[in-house]
1. I'd like the full set of residues that are touching a residue at least 12 places away in the same chain (Cβ under 8 Å), loosely packed, with under 13 Cβ neighbours inside 10 Å and of a type outside the set (Asp, Glu), limited to region 4-28.
2. Quick one: how many residues across region 58-79 are among the small types (Gly, Ala, Ser) and surrounded by 10 or more Cβ atoms within 10 Å (Cβ to Cβ)?
3. Just for region 39-86: of the residues that are within 27 Å of Lys19 (Cα to Cα) and outside any helix (DSSP H, G or I), which one is farthest from the chain's Cα centre (by Cα)?
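Every number in this text was worked out from the coordinates using simple rules, so none of it is lab data. For clarity, every value in this text was computed on a predicted model and none was experimentally measured. Note that each Cβ is placed from the backbone with ideal geometry, even for glycine, and that neighbours are counted across all protein chains shown.
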Amino acid sequence: MSSVDVSLYDLVKKSKHNKRAMKELIDLFEPKLKKSLSLTQYGQREDLEQELKCTLIKSVQRYNVDTIPGFWELKEQFENLKIVLN
């Protein structure tokens, strides 16, 4: 499985039950993690990297890809939110 062949949506969906897909998802976010870690103190990077990866895993496991609204549902939600905030 290659990230070129699989969309992020599919990878998240597969990673809930597939360790290899989860590893690929983590690898996909690795450049962003490394970039963010470069802004922290050198001595704290390893611990922070582990925490960020754990947070990514937990977030993916909790995220329900089946409840993602379509464009029109999302537009309606924003319009309803706008009405409530006004």
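1. Leu8, Tyr9, Arg20
2. Residues in region 58-79 being among the small types (Gly, Ala, Ser) and surrounded by 10 or more Cβ atoms within 10 Å (Cβ to Cβ): 1 in total.
3. The extreme case among them is Pro69.
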